[in-house]
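The values are calculated or read from the model by the stated rules, or taken from the named source; none is laboratory data. Given the structure is predicted, the values throughout are model-derived calculations rather than measurements. FYI the Cβ positions are ideal-geometry reconstructions off the backbone, even for glycines, and counts take in every protein chain you see. SASA here: full protein model, heavy atoms, side chains in, ligands and nucleic acids out. Shrake-Rupley method; radii C 1.70, N 1.55, O 1.52, S 1.80 Å.
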Amino acid sequence: ELVNRLLVKGRVPYAANALGTAVAALRMAVDYANRRETFGRPLASRQAIQWMLADGATELEAARMLTWKAAAAKDRQERITLEASMAKLAASEAAHRAADRATAASRCWSERRLVPELAREKQLSSFS
């Protein structure tokens, strides 16, 4: 019971950490799409890229709302097993997908220095 309570309590800050990783990855992808030009137009003007970035932003916002809901319940000292688990899952999955997108895009970038950090965070989010 004690171990379970500790794991549950750790899921909310963990979700917040994964959310930060996802935000960093999405920002990197957006910055790159705005700077990179293909056939005389910014990559960000391509509909497929816009959809990819919009999907990432939507996943991120959903994870953020679940994390806030779990944190608010924790502040009220309510039982948060379900909320914390949902927040951790949503945030870590959003971070995984965002890091995958940033890694795929980085094959073309000169800014590869942050991608290993995102990959490491992604691996860490697989635990707990």
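Within segment 10-28, being touching a Ser or Thr at 6+ places or on another chain (Cβ under 9 Å) and farther than 17 Å from Ala70 by Cβ holds for Thr21, Ala25, Met28. Pairs are defined by a Cβ separation below 9 Å, a sequence spacing of at least 6 or placement on different chains, a first member in segment 67-86 that is of a type in the set (A, V, I, L, M, F, W, C), and a second member that is assigned to a helix (DSSP H, G or I) and open to solvent by 100 Å² or more (accessible area, probe 1.4 Å); the pairs so defined are Ala70/Leu82; Ile80/Lys9; Ala84/Lys9; Met86/Lys69.
Could you identify the single residue in Thr21, Thr67, Thr38, Thr58 that is of a type in the set (Val, Ile, Thr) and more than 19 Å from Ala98 (Cα to Cα)?
Of Thr21, Thr67, Thr38, Thr58, the one residue that is of a type in the set (Val, Ile, Thr) and more than 19 Å from Ala98 (Cα to Cα) is Thr38.
In this structure, Val8 does not qualify as over 17 Å from Ser92 (Cα atoms), at pLDDT below 90 and either assigned to a helix (DSSP H, G or I) or not hydroxyl-bearing (Ser, Thr, Tyr) (or both). For segment 62-106, the set of residues classified as under 24 Å from Met52 (Cβ atoms) and hydroxyl-bearing (Ser, Thr, Tyr) consists of Thr67, Ser92, Thr103, Ser106, listed by residue number. Summed over segment 1-19, residues that are under 27 Å from Ala48 (Cβ atoms) and either free of Cβ contacts under 8 Å to residues at least 40 places away in the same chain or among the small types (Gly, Ala, Ser) (or both) total 1.
Residues of segment 67-80 that are open to solvent by 50 Å² or more (accessible area, probe 1.4 Å) and of a type outside the set (D, E, K, R): Trp68, Gln77. For segment 33-45, indicate whether the set of residues that are open to solvent by 50 Å² or more (accessible area, probe 1.4 Å) and touching a residue at least 60 places away in the same chain (Cβ under 8 Å) is non-empty. Taking every residue of segment 33-45 in turn, at least one turns out to be open to solvent by 50 Å² or more (accessible area, probe 1.4 Å) and touching a residue at least 60 places away in the same chain (Cβ under 8 Å).
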